[in-house]
Structures are given as structure tokens and as C-alpha cells.
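**Student:** Questions regarding the structure given below will be posed in turn.
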Amino acid sequence: MFVGEAPGADEDEKGEPFVGRAGQLLTKMITAMEITREQVFIANVLKCRPNMPPNTSGNRKPTRDEMDACLPYLRAQVAVIAPQVIVALGATAVEGLFGPQKMNMTRLRGNWRELDGVPVRLTFHPSYLLHNQDIALKRLVWEDLLAVMERMGMPISAKQRGFFLKS
């Protein structure tokens with residue numbers, strides 16, 4: 001199970017999570033794990049797109065009250081789906097799942113937490129990777145996905161272990 005922040009404009013239009021540019025990158029990440037989107041459940045902390053102030057466009061971070069209002073629904077999804085592992089994508093997902101954090105995402109990334117008995121791996125949001133093309137950053141996220149694969153007992157090829165390493 002992957003958990004993101006909230007639907008953006010593309011997701012709001014299509015009624016499906018992670019279908020914009022960040023979603024396309026997430027799909028590539030899932031495919032690199034040698035699984036398909038159909039084999040995972042993708043959710044968001046917020047179930048609907050946050051309202052924007054009049055005459056503005058774009059997306060905004062959900063408020064704490066909005067996240068708190070939606071958390072019971074997300075926990076119910078976790079209970080029904082019973083995922084082996086959850087991947088929290090970005091600081092807002094981490095905050096939505098676990099409350100405000102004292103550390104920034106750079107320090108949180110790569111750690112395991114637990115939500116209702118399910119291990120949760122914290123990593124960067126795909127949109128962060130789109131804005132920061134550093135190969136070392138991509139490798140960190142890939143290491144998180146390798147850790148998820150290991151936790152799930154999935155086979156990992158030498159090719160997969162070598163992704164984003166300097167030759």
C-alpha cells in the first residue's frame with residue numbers, strides 16, 4: 001500500500017489517485033519493483049482535493065484538521081486491505097499518518113514506523129524527485145523500496161540492487 005498527501009488537479013479530474021506526473025513516476029517505481037499498480041493499493045491521507053482560495057490555482061497542503069477528519073477512513077482502508085507494508089510518500093503523508101513530526105523528511109526518510117500493526121516505510125514523495133533530479137536522491141528512495149521488497153520477502157535481482165548506483 002502506498003499513501004500520499006491528497007488528490008491534485010489531475011486526480012480530482014480523473015477520480016483516481018496518482019495519475020499526474022508524480023503518479024506516472026510512482027508507476028515506474030512500482031514497475032521497477034516488478035509488480036504492477038493493480039497489485040498495490042494507492043491511497044491518500046486526504047480523500048478529496050483541498051479547496052483553494054478563490055482566484056488561485058494549484059494544490060495546497062492539507063490542514064491538520066483536514067487530515068484528522070480523514071484519518072479514520074484511511075485506517076479503515078488499512079484494516080480492510082490488510083497490506084503487508086505501507087509506504088508513506090512524503091512529509092504530509094507521514095504527518096497525516098503519525099501526527100506532526102519534530103524532524104524534517106530528510107531525517108525521517110528511510111525509517112520504519114508502524115500503523116495499526118502494519119510496518120510503514122517513510123520515503124520522499126515522487127513529486128520531490130521530479131523537482132530534484134539528483135541521482136543520489138533517487139537511489140535513497142530506491143533503497144527504501146528495496147527495504148520494502150525485503151520486508152515482503154520479494155526476490156531482488158542484481159540489476160534491481162544496482163539501480164541508481166554510479167558505475
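Readers should treat all values here as calculations from the given coordinates under stated rules, not as data from a laboratory. What you are looking at is a predicted structure, and each value in this text was computed from that prediction instead of being measured. Heads up, the Cβs are rebuilt from the backbone with ideal geometry, glycines too, and the neighbour counts pull from every protein chain shown.
**Student:** Only one of Ile81, Ile42, Ile35 is in contact with a Gly (Cβ under 8 Å, 6 or more places away or on another chain) and either under 30 Å from Gly153 (Cα atoms) or surrounded by fewer than 16 Cβ atoms within 10 Å (Cβ to Cβ) (or both); which?
**Tutor:** Ile42
**Student:** Could I ask something else about it? Exactly one of (1) exposed (fewer than 14 other Cβ atoms within 10 Å of the Cβ); (2) closer than 22 Å to Arg151 by Cα is unmet by Met29. Its number?
**Tutor:** (1)
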